[in-house]
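The values are calculated or read from the model by the stated rules, or taken from the named source; none is laboratory data. Given the structure is predicted, the values throughout are model-derived calculations rather than measurements. Here Cβ is always computed from backbone atoms with ideal geometry, including for glycine, and neighbour counts include all displayed protein chains. Just the protein is used for accessible areas: all its heavy atoms, side chains included, with ligands, DNA and RNA removed. Shrake-Rupley method; radii C 1.70, N 1.55, O 1.52, S 1.80 Å.
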Amino acid sequence: MRVCVIGTGYVGLVTGACLAHVGHEVICVDNNEAKVKLMQSGQSPIHEPGLSEIMQQAIASGNIQFTTDLKAGVEHGEILFIAVGTPALPNGESDTRYVEAVARGIGSNLSSGYKVIVNKSTVPIGSGDWVRMLVLDGVAARQKEMPVAVAPGGMPVIPESFDAPQFDVVSNPEFLREGSAVYDTFNPDRIVLGGSNPQALELMRKLYEPITNRSTAENQSLPPVPVVTTDLQSAEMVKYASNAFLATKISFINEVANICDRVGADVVEVARGIGLDSRIGGKFLQAGIGWGGSCFPKDVSALIHTASDYGYEAKLMKAAVEVNQHQRVIAVEKLQQALKILKGKTIGLLGLTFKPDTDDMRDAPALTLVEQLVRLGAKVKAYDPIVSQTGLGQGLTGVQVETDPERLADGCDALVVVTDWAEFKSLDFSRMAKLMSQPVIIDGRNFLDRETLEGVGFRYTGIGH
Ligand code: NAD
C-alpha cells in the first residue's frame, strides 16, 4: 500500500521504516531539512537499535523515500500518518500546534481519491474530529485560491478540476518504547484503531496485516496480534490511560520503596513477591529515581488537564505526579545523608538519558538532578554511553560530560546511577573506587550488585533497597 508518514521522529521514522520493511511504499515527510538529508543518505538521526539496518534495506529496495515536500507525500499516500510531536505546554495541556499545521497542510494538498488520515501522534481526546475540521479548513483555503470562473448571470462556478476530497480520520495510537522501538513495532501487544467508517478501519487492518499475522514477529507461532477496533475518543483515551496507568504503577512502587527505607524492608524483594501475582505482573515495578522521558510526564499532565476541562479532578493521577516529583530528587536526599554538605563536592552521574538504549534526554530525571545539585553548590560530571560519544551533551548546562567512566570517577565524592545501561554492570568498579575522593554510590535504579560494590570498597545505597 502507499503510505505517507509526516514527522520522522522516534515514532514516525520507526513506523515508516517498519512499514517499508514489510513491503509498503512509504514516503516520509519532515520539515527539518538537515534531518531529511541525513535520512536520504541512509543514516538515522536517532539512536534506536536495528533502525539504521531496516532503513538501509528499505532504501535499497526502493520502498522508502524521504522528503520535505508535503504535497508529494500527500499525493502519494492512500494512508497519511500524522506523527509529529505533541509536547506539553507550561500548564500541562498538550501543545497541538504541529498537528494543527500538518492537518491544514494535508487539507490544502489533498488530491482526489479516498485517503485515510491517521492520528499516530498522542493527541487530546476529541482530536480526531478536530483534525477532520482542520483538513476541511485546508481544503476550503485551497479552494478559495483557485481561479473562479463566472457563469452568465454572475454566479461563481466551481472549477471542474476540483473534486471534493474523500477522506476519513482514524486514531491509531502508538505504544512503542524508545530503546526497543523496532522490536515493539514488529511484536506489538495490540493494535488500536479508532474510527467510524468501516472502509477506513479495513484499510488500516490490511496495512498492518504483515505485522498482525506475526510474519515479522520474533515468535511466529503466536496467535495473531489482537486488533482493538473502537470509536475515535476511546482509541485516543486508550493511549493516555495506558501511560497514566504505567506511570502510576511506578509511582506506587516508589512509594513502597520509601516506606521500605524506613522500616528496613527491601523493595527489590517486595516487588518480586508482588510481581509474581499474575493479577499484578512484574513489569514497571522497579523502584528508582522516578519516571521521565518524552511521554509519561506530558501524557499524564495532558489527561489531568483534559479531566479538569470536563469538570473532573483526577486525584489519583495528580498523586502519581506528586510522588514522582519527590522521587526525582530522592538521590539528592541520599547524597546529603551520605556526604552531609554538598557544596564543594563533586558528584558523578552514571547515565543521562531517561532510559537505556536511547539518546532521548527529554524530561530525563538526570536534568532535575543536575539542576538541584548545581543549586546546592556541587560540581556535576556525567558519563553516558550515548551522550558522551555523540556530543549530544554539549547543550547541557551545569554538567561536565566525560568521555569514559574512569575519568568520571576521578576525584568524585559520590556516583549516582541515573540510567540502567547494561554496560554499567561490567565497569571496573574496583579501579573507579580508587580514583574517587570518597567511594560512595547511590544506585538510583537498584541495578548494580550491592555485594560486589561493597566488596571493592564502595558505600552502597539503593532506593528502598
Ligand atoms: P519527535 O519530536 O521525535 O519527532 C517529531 C518530528 O516531527 C520531528 O522530526 C519534527 O521535525 C517533525 N515535524 C514537526 N512539525 C512538522 C511539520 N509541520 N511537518 C513535517 N514534520 C514536522 O516526536 P516523537 O517522539 O516521535 O513523538 C511523536 C508523537 O508520538 C508524539 O505525539 C508522542 O507523544 C507520540 N509517541 C511517542 C513515543 C515515543 O516513545 N517517543 C511513543 C508513543 C507515542
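Observations, loosely collected:
- Count of residues meeting criterion [open to solvent by 10 Å² or more (accessible area, probe 1.4 Å), away from the ligand (no atom under 16 Å from the Cβ) and in contact (Cβ under 8 Å) with a residue 40 or more places away in the chain] in the stretch 168-208: 5
- Test for V131: is it under 28 Å from Y310 (Cβ atoms), within 16 Å of the ligand (Cβ to nearest atom) and assigned to a helix (DSSP H, G or I): yes
- For A58, the conditions (1) under 20 Å from G9 (Cβ atoms); (2) open to solvent by 40 Å² or more (accessible area, probe 1.4 Å) all hold with the exception of (2).
- Residue count for the stretch 20-29 under the criterion of being open to solvent by less than 10 Å² (accessible area, probe 1.4 Å) and either within 15 Å of the ligand (Cβ to nearest atom) or assigned to a loop (DSSP other than H, G, I, E, B) (or both): the result is 3.
- Failed condition for K115, given (1) closer than 25 Å to L13 by Cβ; (2) charged (D, E, K, R); (3) within 16 Å of the ligand (Cβ to nearest atom): (3)
- Qualifying residue in the stretch 95-116 (condition: surrounded by fewer than 16 Cβ atoms within 10 Å (Cβ to Cβ) and of a type in the set (F, W, Y)): yes
- Some residue of the stretch 69-80 being away from the ligand (no atom under 13 Å from the Cβ) and closer than 29 Å to W421 by Cα: no
- Members of the stretch 392-425 that are under 21 Å from the mean Cα position of the chain (by Cα), surrounded by fewer than 17 Cβ atoms within 10 Å (Cβ to Cβ) and without any contact (Cβ under 8 Å) to a residue 40 or more places away in the chain: G395
- Test for T96: is it assigned by TED's automatic domain parsing to the domain that holds Q166, more than 21 Å from H24 (Cβ to Cβ), within 11 Å of the ligand (Cβ to nearest atom) and polar (S, T, N, Q): yes
- Among the residues of the stretch 349-364, those identified as buried (at least 21 other Cβ atoms within 10 Å of the Cβ) and either at pLDDT below 95 or not in a strand (DSSP E or B) (or both) are G351, L352, T353, F354, T358, D360, M361, A364.
- Count of the stretch 294-312 residues which are more than 14 Å from the ligand (Cβ to nearest atom) and under 22 Å from the mean Cα position of the chain (by Cα): 3
- Among (1) within 24 Å of T8 (Cβ to Cβ); (2) free of Cβ contacts under 8 Å to residues at least 12 places away in the same chain, the one test that K239 misses: (2)
- Only residues that are touching a Ser or Thr at 6+ places or on another chain (Cβ under 8 Å), over 21 Å from P49 (Cβ atoms) and of a type in the set (S, T, Y) were counted in the stretch 353-404, giving 1.
- Considering the stretch 257-273, and only residues there that are surrounded by fewer than 17 Cβ atoms within 10 Å (Cβ to Cβ) and hydrophobic (A, V, I, L, M, F, W, C), the residue that is farthest from the chain's Cα centre (by Cα) turns out to be V263.
- Residues satisfying the stated conditions in the stretch 30-60, i.e. in a helix (DSSP H, G or I) and either away from the ligand (no atom under 12 Å from the Cβ) or touching a residue at least 40 places away in the same chain (Cβ under 8 Å) (or both): K37, Q40, L51, S52, E53, I54, M55, Q56, Q57, A58, I59, A60
Every residue, every condition in (1) under 20 Å from F167 (Cα atoms); (2) outside any helix (DSSP H, G or I); (3) not assigned by TED's automatic domain parsing to the domain that holds P165, yes or no:
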{"position": "A72", "(1), (2), (3)": "yes, no, no"}
{"position": "E75", "(1), (2), (3)": "yes, no, no"}
{"position": "F81", "(1), (2), (3)": "yes, yes, no"}
{"position": "G85", "(1), (2), (3)": "no, yes, no"}
{"position": "P90", "(1), (2), (3)": "no, yes, no"}
{"position": "E100", "(1), (2), (3)": "yes, no, no"}
{"position": "R104", "(1), (2), (3)": "yes, no, no"}
{"position": "S108", "(1), (2), (3)": "yes, no, no"}
{"position": "S112", "(1), (2), (3)": "yes, yes, no"}
